[in-house]
Amino acid sequence: MCGIIAITTSSNTKVSKLITTGLKRLEYRGYDSVGIATINQGKIETLKDAGTIDRVNQKLNFENLEGSIGIGHTRWATHGPPNQINAHPHADCTKKIMVVHNGIIENYLEIKSDLERKGHIFTSQTDSEVIVHLVEEELKLANPPKSVIQAFKNTITKLEGAYAITLIHTDEPETIFLARKDSPLVIGVQEDTKFAASDIPAFLEHTKKVIILKNGEIGVITPKTVYIEKNGFRVQPKPFIVSWTAESAQKSGYPHFMLKEIHEQPIALKNTINIDSEELSKASKKILESTRIVFLACGTSYHAGLSGFHQIQRILPKKPIYPIIASEYETYSHLIDEETLIIAISQSGETLDVMKALSAARKNKAQVISLANVTDSSIPRLSHISLYTKAGPEIGVAATKTHTAQVALLARLAIQLEFEAGELSKDDYSVQVDNLVQQTPQIVRTVINQNELKAKKLASIIQNQNHSYFLARGLNMPVALEGALKLKEISYIHAEAFPAGESKHGPIAIVETNFPIVMIAPDDWTTKKMLGNAEEMKARGGYIISVTEKDHRITERSDYSFFIPKAFSPIINPISYVVPLQMLAYYTAVRRGYDPDKPKNLAKTVTVE
Ligand code: G6P
C-alpha cells in the first residue's frame, strides 16, 4: 500500500506538477495523507498533510514547490495515525535528506531507540522515518566521509521487512536513491527525465519505457542515467515498452474509474482469452503431472481461484484440489511438496500475503503457475509459468475487469486442460475455444446494456438497508462471494455470502421484512434447491433479488431480477453473473454518497501481511 513517485529531470521542468499528477494516478494505493519534497537551490522544500491529494493540494498548492528533482507519497497508514506529522516525506535531523517509503520496516523500534540514544530526534510515529536518520548517521560517522550511495547501501542492509524506498539528499541535487524488497518499484525512462514509482500509471503519460526493479536491487537514477546493483554487483537493466495507453489510466469521461472499468470488461475479456495456446498447453501439462493442486490468492482473486477450482475439479474429479486464502497458508503448508502445483492468482502481482506463501512453497519445491495482470511483477517472477490477464491498468480499488478476466483465463485454461487430458476431441476443443472467444465479450456487453439501469434502480431500493445476503450453490458460489465483497467494500452495507443450503443453519434467523437476499440462479443443477431456498427466505419477508436467465422459475419468487443470456457452457456463468452485482455495488455506493474508487480503510495493492 502507499504510492510513491520520484522524478529527476534536466529539462527545466518543475517536477512538483508531474509528481502531483503521478500521485493522483497512484491514489488507489492509499489516500489518507499526501506529501511532496523537492530540492530547490540546494535546499529541501516540503509540503504535506492529512487528506486526499485534491484536498491537500487545494490547501497547500504543491506547485508552489520549485525544483527539478523531487519525491512524493500518498499514504495508507500503518504506523501512526494519518496526520500532518506522519505524512511522508520524512526528513533527517539536518533536513538535508528526505525519504518516502512503501512497506513496513519490521525492526524499526530497535533502530529507532538505538538512533535516539545517539541523539537523533524523531518527529513522527512512522517506521519509515528511521531510514533517513540511518542514512544521516552513516554519513556522520564515516571517516573518511562516505558517499551518499554508500551510506544508503549500508542503511538498506540494516532494514528488515518490506520496502520500496526513494530518497534524495541536497548534496547530490540530481540523484534519486532507490531500493526495493517485497514492495513494488518501477523506473520510467525518458531521454532527460527518469521516474521511479510504485506502479506504471504514475508516469505512463510521459513514458512507456519501463524497468522493473527486482527484489534486493538498489538503484540510482539521474536525469540521464539509470544504475542498478544487487549484492554489490552491477545489474544490466532490461527496459521494456508497456502496451498500456495513457488514456487507460484516466477516467475518460466516466465519473469513476470503477464504472469505466466495468464497461471495459468486454475488451478486457477479448484481449485476455485471445491467448497463445502454447503457454496454456505447458500449464495444462503441469496440472496433469501434479499430485495435488493448490489455488492461492486473496480477496477478489481468491474468488477467481474458487471458480478455477470448480472448473478444474470437474475435469479432474479425482485430483485433490485446495483453494487457499494466501494469509492462511501456514495451516496448509504440510500439503506443499515437490508434487504440489500452486496456481497463484493476483491482479497486482505484488500482494505480500501471496508472495510470502509462494516463497515458502518454492522452498518446499512446489511448482508454480501464476495469473497476474501486471507484467513482470513479483508473483510472476516467483513462478515457473506466468499467464497474464490483459485487462489493462485497473485503478478502482474494487477489482472488476481484472476479476472477470482472471475467471475467463481460468475458463480458457480449463478447456485446454480438458483437451490435453484427452477428454475433448480436437474438433470439440476448437468449438469450445471459439465459443469462449466469441461469446464471452458479447454476453458481458449485453449484460451491461440490459442491466445497468436496473442496477441503478435497485440501488435506490436497497440503499438504506444495513445487511444483505448473497446465496448460491456449487460453481455459482464464487459469484455470490464476489457480489457480497463488492457491495460491502464500497457501499459499506454488511453483505454475507454463503451456500444457499446453509441459510437454514443460522443466517435465516436475522431475515426480516425487506432484508435483501441476492440469489445467483442460472438454469443448472442448483435450480430446484435454489427455488426452495428462495421460498424459505420469502416466507420470512426477505426481498429476493435474483440473477438468472429469462423465464427461469425463480423470477416468480423474486421481487427483482437481473437477466443473463444463456451461454454455450456454464463456464461463462461466473463471468457474466457477477457483472450486475458489480454495477449494483457501484450504484449503491454512489447513492449512499461514497466514492467507489476510494473505499475507506482499503488499498488496492496490499504489501503488508
Ligand atoms: C486488496 C484489494 C482487493 C484485491 C486483493 C488481492 O485487498 O483491495 O480488491 O482483490 O487485495 O489483490 P491482488 O492484486 O493480489 O489480486
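The values are calculated or read from the model by the stated rules, or taken from the named source; none is laboratory data. Only a predicted model underlies this, so the values are computations on that prediction, with no experimental measurement involved. We place every Cβ from the backbone using ideal geometry, glycine too, and count neighbours over all the protein chains shown. Accessible surface areas use protein heavy atoms only, side chains included; no ligands, DNA or RNA. Shrake-Rupley method; radii C 1.70, N 1.55, O 1.52, S 1.80 Å.
When Ser569, Ser558 are checked against the criterion of being polar (S, T, N, Q), surrounded by fewer than 18 Cβ atoms within 10 Å (Cβ to Cβ) and more than 16 Å from the ligand (Cβ to nearest atom), Ser569 stands alone in meeting it. Of Ala405, Ala414, all but one fail to be within 16 Å of the ligand (Cβ to nearest atom), modelled with pLDDT of 95 or more and among the small types (Gly, Ala, Ser); the exception is Ala405.
Against the list (1) in a loop (DSSP other than H, G, I, E, B); (2) closer than 19 Å to Lys270 by Cβ; (3) open to solvent by 20 Å² or more (accessible area, probe 1.4 Å), the condition Ala399 fails is (3). Across segment 369-381, the qualifying residues are those that are under 27 Å from Thr291 (Cβ atoms) and within 13 Å of the ligand (Cβ to nearest atom), and the one among them that is surrounded by the most Cβ atoms within 10 Å (Cβ to Cβ) is Leu371.
Residues that are assigned by TED's automatic domain parsing to the domain that holds Ser183 and within 22 Å of Phe195 (Cβ to Cβ) do occur in segment 107-129.
Checking Val479, Val511, Val433 one by one, the residue that is assigned by TED's automatic domain parsing to the domain that holds Ile343, within 19 Å of Ile564 (Cα to Cα) and aliphatic (A, V, I, L, M) is Val479 and no other. Scanning segment 33-53 for residues that are among the basic types (Lys, Arg) and under 27 Å from the mean Cα position of the chain (by Cα) returns a single hit, Lys48.
Residues in segment 555-578 that are within 14 Å of His303 (Cα to Cα) and hydrophobic (A, V, I, L, M, F, W, C): Ile575, Val578. Any chance segment 425-445 includes a residue that's within 24 Å of Met537 (Cα to Cα), without any contact (Cβ under 8 Å) to a residue 24 or more places away in the chain and open to solvent by 10 Å² or more (accessible area, probe 1.4 Å)? For segment 425-445, residues within 24 Å of Met537 (Cα to Cα), without any contact (Cβ under 8 Å) to a residue 24 or more places away in the chain and open to solvent by 10 Å² or more (accessible area, probe 1.4 Å): absent.
Among the candidates Ala497, Ala521, the residue that is within 16 Å of the ligand (Cβ to nearest atom) and in contact (Cβ under 8 Å) with a residue 24 or more places away in the chain is uniquely Ala497.
Identification of helices (runs of 4 or more DSSP H) wholly contained in segment 1-119 with 3 or more residues that are at pLDDT 95 or above and open to solvent by less than 10 Å² (accessible area, probe 1.4 Å) yields 15-25.
State which residue is modelled with the highest pLDDT when the search covers only segment 475-487 and only residues that are away from the ligand (no atom under 16 Å from the Cβ) and open to solvent by 20 Å² or more (accessible area, probe 1.4 Å). Filtering segment 475-487 for residues that are away from the ligand (no atom under 16 Å from the Cβ) and open to solvent by 20 Å² or more (accessible area, probe 1.4 Å), the one modelled with the highest pLDDT comes out as Met477. Contact map, segment 237-256: residues that are closer than 23 Å to Arg591 by Cα paired with residues that are in a loop (DSSP other than H, G, I, E, B), Cβ distance under 8 Å, separation 6+ or inter-chain. Pairs shown: His256/Gly396; His256/Asp595; His256/Pro596; His256/Asp597.
With respect to Ile228, determine if the residue is touching a strand residue (DSSP E or B) at 6+ places or on another chain (Cβ under 7 Å), assigned by TED's automatic domain parsing to the domain that holds Ile104, crowded, with 24+ Cβ neighbours inside 10 Å and in a strand (DSSP E or B). Against the criterion (touching a strand residue (DSSP E or B) at 6+ places or on another chain (Cβ under 7 Å), assigned by TED's automatic domain parsing to the domain that holds Ile104, crowded, with 24+ Cβ neighbours inside 10 Å and in a strand (DSSP E or B)), Ile228 does not qualify. Restricted to segment 594-609, and to residues there that are modelled with pLDDT under 90 and open to solvent by 60 Å² or more (accessible area, probe 1.4 Å), the residue that is nearest to the ligand (Cβ to nearest atom) is Asn601. Which of the residues belonging to segment 329-362 are away from the ligand (no atom under 16 Å from the Cβ) and acidic (Asp, Glu)? If the condition is that a residue be away from the ligand (no atom under 16 Å from the Cβ) and acidic (Asp, Glu), then Glu330, Asp337, Glu338, Glu339 are the ones that fit.
Candidates are the residues of segment 125-158 that are assigned to a loop (DSSP other than H, G, I, E, B) and farther than 21 Å from Gly35 by Cβ; the one that is most open to solvent (accessible area, probe 1.4 Å) is Asn143. Against the criterion of being near the ligand (Cβ under 9 Å from one of its atoms) and on the phi < 0 side of the Ramachandran plot, Ala391 does not qualify. Looking only at segment 572-593, residues that are within 17 Å of Val547 (Cα to Cα), open to solvent by 10 Å² or more (accessible area, probe 1.4 Å) and not polar (S, T, N, Q) come to 1 in all. Just wondering, is there one or more residues in segment 351-368 that are within 26 Å of Trp76 (Cβ to Cβ), open to solvent by less than 30 Å² (accessible area, probe 1.4 Å) and assigned to a loop (DSSP other than H, G, I, E, B)? Among the residues of segment 351-368, at least one is within 26 Å of Trp76 (Cβ to Cβ), open to solvent by less than 30 Å² (accessible area, probe 1.4 Å) and assigned to a loop (DSSP other than H, G, I, E, B), which makes the answer yes.
Residues that are assigned to a helix (DSSP H, G or I), open to solvent by less than 10 Å² (accessible area, probe 1.4 Å) and either modelled with pLDDT under 95 or within 16 Å of the ligand (Cβ to nearest atom) (or both) within segment 262-300 comprise Ile262, Gln265, Ala268, Thr272, listed in sequence order. Considering segment 319-328, and only residues there that are part of a strand (DSSP E or B) and open to solvent by 10 Å² or more (accessible area, probe 1.4 Å), the residue that is nearest to the ligand (Cβ to nearest atom) turns out to be Ile325.
Within segment 331-350, the residues that satisfy the criterion of being outside any strand (DSSP E or B), more than 11 Å from the chain's Cα centre (by Cα) and in contact (Cβ under 8 Å) with a residue 12 or more places away in the chain are Tyr332, Ser333, Leu335, Ile336, Asp337, Glu338, Glu339.
Within segment 303-310, the presence of at least one residue that is more than 14 Å from the ligand (Cβ to nearest atom), outside any strand (DSSP E or B) and within 24 Å of Thr404 (Cα to Cα) is confirmed.
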